[in-house]
Amino acid sequence: MLRTFCRVSPALKAAQRQPSLYLVARPASTVGKGKVLTTATMNPQIRNAEYAVRGALPIRAEALNKQLQTDKQLGFDRVVFCNIGNPQQLAQKPITYFRQVASLCDNPDLLKPENRETLLKLYPQDAIDRAELLLKHLGSVGAYSHSQGLPHIRENVAKFLERRDGFSANPEHIYLTQGASAGVQTVLQMLTENEKSGIMIPIPQYPLYSATLSLVNATPVPYYLKEEQNWGLSVEDLKKSVDGSRAKGVDVRALVIINPGNPTGQCLSEENMREIIDFCQKENVVLLADEVYQTNVYMPKERPFHSFKKVLRSMGDKYNDVELFSFHSTSKGMIGECGRRGGYLECVNIDEKVLEQLYKIASISLCPNVHGQIMTDLMTNPPVEGDASFENYNKEVNGIYESLRRRATKLSTCFNGLENVTCNDAEGAMYLFPRVRLPKKAIDAAKIANVSPDAFYALQLLEATGVCVIPGSGFGQEPYTWHFRSTFLPEEHLFDDFCSNIEKFHSGFMEKYRD
Ligand code: DCS
């Protein structure tokens, strides 16, 4: 009887057959001499993974930030973290309604009848109602939820997708995730059969992709975005890239599209998206649509956001064999709740048996964190007309949106005014990715300092101004071109100073290294 309940996994059985596994893996002479786990013995995939947005530059920035507490001689009075799209780190205010609901879910005692009178002085009725509804489904935020995410929230996400796209969505095909990152990592892990499994990624790209491919030991298949066409994507380039890799024996099986782009900020046209979907069908590749910046769209008339799900469905039944995973997050948009780790993944046209495996992998982590799930519920199901919070919610969201748009323009104007710098406008997202034509003398100095020229520039900028940006090499760029990525998230009232510090630094740098 016990045997049927305690099924021993094949891996465990193999280990039991080989009790001396430990000694076999490590030569006897090393036992007892030094650490078992070193950077030499560790998983090489982890050792080799690189993630620039939390890499060398931000580490130096953190050190400078610490130094500033005691040393007032640094030449600047604060470090400005433009390395990461983390709005609340740069003083963006959280959306009031979101925090009201979250705080009531965290402290349900406030909802007790005896506290109602006081509560109503502090909280609007719709926040109270929402918290009560969520708690009815959740029980407690301290309990594990369904591994795929609370069914009630997944139903709300599905309704949101139906309103957004005009096509049906199935809550069973939605997985709530800890930020979009967890969804992306899981799907990349699922797609990797062996080291020949190839995933097409844009260059420049957000390094979550290259880092995860390194972790799972899959092969990145790069395709280049065209800087001179506002970081446009050409399907001919996709074709060249897939053909070239397949000719080398790579088993290309998926294409990653980041729309709106990070670090490049471009928004795809619907026509371009149709071509991409058609490409996926012809080439038999799964489409991964990273749509975390879907509401960060600053030219909504000329370059509106379209979801891949909507475009795919609008192309009719003929395309029902195109497999699509799409990702969204509560970290971006006007919400910026990065620390709460909310998001979801929608699976379209994915094999049911694969969905079972996806459920299994989600269940190994038990469940996505419940605070993130609550944020996902609020993001996809915010106050509507007639709700007590509607007006204030809209005011806050529009205020952040308009400010982001102004800051995007201000910063691109600043960059385009710098000698030897060109910068495309941000159609979307939170970043600019200017190109700097560095003088030869600066490139030689970088060589002596043993860093890439773009890292050399970014380091000098950091040391001189406290502004932390990320060198283009962290995202990938055309060979012998140099870029950096900066967010446009610094506070608006400090923005003029921020721009003029960059301008001063840049002209000094160019003077110093002029050929
Ligand atoms: N996809 C894209 C395109 C992103 O830019 C990010 C985060 C993510 C996914 C994952 O974010 P979450 O896991 O928080 O949902 N952007 C990083 C960046 O470039 N700066 O900040 C984080």
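The values are calculated or read from the model by the stated rules, or taken from the named source; none is laboratory data. Source: prediction; values computed, not measured. Because the Cβ atoms are built from the backbone with ideal geometry, glycine has one as well, and the counts that use them run over all protein chains shown. Just so you know, the surface numbers come from the protein's heavy atoms only, side chains and all, with ligands and any DNA or RNA stripped out. Shrake-Rupley method; radii C 1.70, N 1.55, O 1.52, S 1.80 Å.
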Exercise. Given Leu188, Leu215, which one is away from the ligand (no atom under 14 Å from the Cβ) and not in a loop (DSSP other than H, G, I, E, B)?
Worked result: Leu215
Exercise. Given the structure, is Thr295 assigned by TED's automatic domain parsing to the domain that holds Gln189, surrounded by fewer than 19 Cβ atoms within 10 Å (Cβ to Cβ) and hydroxyl-bearing (Ser, Thr, Tyr)?
Worked result: yes
Exercise. Pairs, please: C-beta under 6 Å, at least 6 apart or cross-chain, first residue free of Cβ contacts under 8 Å to residues at least 60 places away in the same chain and in region 420-442, second within 13 Å of the ligand (Cβ to nearest atom)?
Worked result: Cys423/Leu432
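Please verify whether region 388-406 includes one or more residues that are at pLDDT 95 or above, within 16 Å of the ligand (Cβ to nearest atom) and outside any loop (DSSP other than H, G, I, E, B).
Taking region 388-406 first, the residues at pLDDT 95 or above are 388-406.
From the residues that got through so far, the ones that are within 16 Å of the ligand (Cβ to nearest atom) too are 404.
Then keep just the ones that are outside any loop (DSSP other than H, G, I, E, B); that gives 404.
For region 388-406, residues at pLDDT 95 or above, within 16 Å of the ligand (Cβ to nearest atom) and outside any loop (DSSP other than H, G, I, E, B): present.
Can you pull out every residue in region 284-293 that is within 11 Å of the ligand (Cβ to nearest atom) and of a type outside the set (Ser, Thr, Tyr)? Steps first, please.
To start, the set of residues in region 284-293 that are within 11 Å of the ligand (Cβ to nearest atom) comprises 288-293.
Those that are within 11 Å of the ligand (Cβ to nearest atom) and of a type outside the set (Ser, Thr, Tyr): Leu288, Ala289, Asp290, Glu291, Val292.
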Problem set entry | region 213-246, subset polar (S, T, N, Q) and in contact (Cβ under 8 Å) with a residue 60 or more places away in the chain, residue farthest from Leu287 (Cα to Cα) | Asn230
For this session: Quick one: Asp515 ticks every box in (1) touching a Phe, Trp or Tyr at 6+ places or on another chain (Cβ under 7 Å); (2) in a loop (DSSP other than H, G, I, E, B) except a single one, so which number is it?
Result: (1)
For this session: From (1) at pLDDT 95 or above; (2) within 16 Å of the ligand (Cβ to nearest atom), pick out the condition that doesn't hold for Ser473.
Result: (1)
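Going through Pro471, Pro453 one at a time, which residue ends up being outside the structural domain of Gln205 (by TED's automatic domain parsing) and closer than 16 Å to Ile502 by Cβ? If you could, list the steps in order and put the result at the bottom.
Working: Pro453 fails: closer than 16 Å to Ile502 by Cβ.
Being outside the structural domain of Gln205 (by TED's automatic domain parsing) and closer than 16 Å to Ile502 by Cβ holds for just one of Pro471, Pro453, which is Pro471.
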Seminar exercise, completed: Within region 139-178, the residues that are open to solvent by 40 Å² or more (accessible area, probe 1.4 Å) and within 16 Å of the ligand (Cβ to nearest atom) are Gln178
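Take Ile257 and tell me if it is more than 19 Å from the chain's Cα centre (by Cα) and either surrounded by 19 or more Cβ atoms within 10 Å (Cβ to Cβ) or under 18 Å from Tyr209 (Cα atoms) (or both). It would help to see each step written out before you state the result.
Numbers: more than 19 Å from the chain's Cα centre (by Cα): no; either surrounded by 19 or more Cβ atoms within 10 Å (Cβ to Cβ) or under 18 Å from Tyr209 (Cα atoms) (or both): yes.
Spelling it out, it is not the case that Ile257 is more than 19 Å from the chain's Cα centre (by Cα) and either surrounded by 19 or more Cβ atoms within 10 Å (Cβ to Cβ) or under 18 Å from Tyr209 (Cα atoms) (or both).
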For this session: Would you check if Asp377 is touching a residue at least 12 places away in the same chain (Cβ under 8 Å) and open to solvent by less than 30 Å² (accessible area, probe 1.4 Å)?
Result: yes
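Anything in region 267-288 that is of a type in the set (A, V, I, L, M), within 20 Å of Gln229 (Cα to Cα) and either not assigned by TED's automatic domain parsing to the domain that holds Gly183 or not in a helix (DSSP H, G or I) (or both)? List them, or say none. I'd like the intermediate steps shown before the answer.
Here is the first cut: in region 267-288, the ones of a type in the set (A, V, I, L, M) are 268, 273, 276-277, 285-288.
Filter again for within 20 Å of Gln229 (Cα to Cα), leaving 268, 273, 276.
Selection gives Leu268 alone.
Residue-wise test of (1) among the polar types (S, T, N, Q); (2) under 24 Å from Asn48 (Cα atoms); (3) open to solvent by 60 Å² or more (accessible area, probe 1.4 Å); (4) under 29 Å from the mean Cα position of the chain (by Cα).
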{"residue": "Phe415", "(1), (2), (3), (4)": "no, no, no, yes"}
{"residue": "Asp425", "(1), (2), (3), (4)": "no, no, yes, yes"}
{"residue": "Arg435", "(1), (2), (3), (4)": "no, no, no, yes"}
{"residue": "Pro453", "(1), (2), (3), (4)": "no, yes, no, yes"}
{"residue": "Gly472", "(1), (2), (3), (4)": "no, yes, no, yes"}
{"residue": "Gly476", "(1), (2), (3), (4)": "no, yes, no, yes"}
Exercise. Can you tell me which residue in region 247-283 is farthest from the ligand (Cβ to nearest atom), limited to those that are of a type outside the set (Asp, Glu) and without any contact (Cβ under 8 Å) to a residue 24 or more places away in the chain?
Worked result: Ala247
For this session: Those residues that are open to solvent by less than 10 Å² (accessible area, probe 1.4 Å) and aliphatic (A, V, I, L, M), I need them from region 181-210; list them, please.
Result: Val184, Val187, Leu188, Ile199, Met200, Ile201
Seminar exercise, completed: Of (1) assigned to a helix (DSSP H, G or I); (2) under 24 Å from Cys347 (Cβ atoms), His146 satisfies every one except (1)
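Could you list, in sequence order, all residues of region 332-362 that are open to solvent by 40 Å² or more (accessible area, probe 1.4 Å) and away from the ligand (no atom under 15 Å from the Cβ)? Steps first, please.
From region 332-362, those open to solvent by 40 Å² or more (accessible area, probe 1.4 Å) are 339-341, 349, 351-354, 356-357, 359-361; that's our starting set.
Hits for region 332-362 are Asn349, Asp351, Glu352, Lys353, Val354, Glu356, Gln357, Tyr359, Lys360, Ile361.
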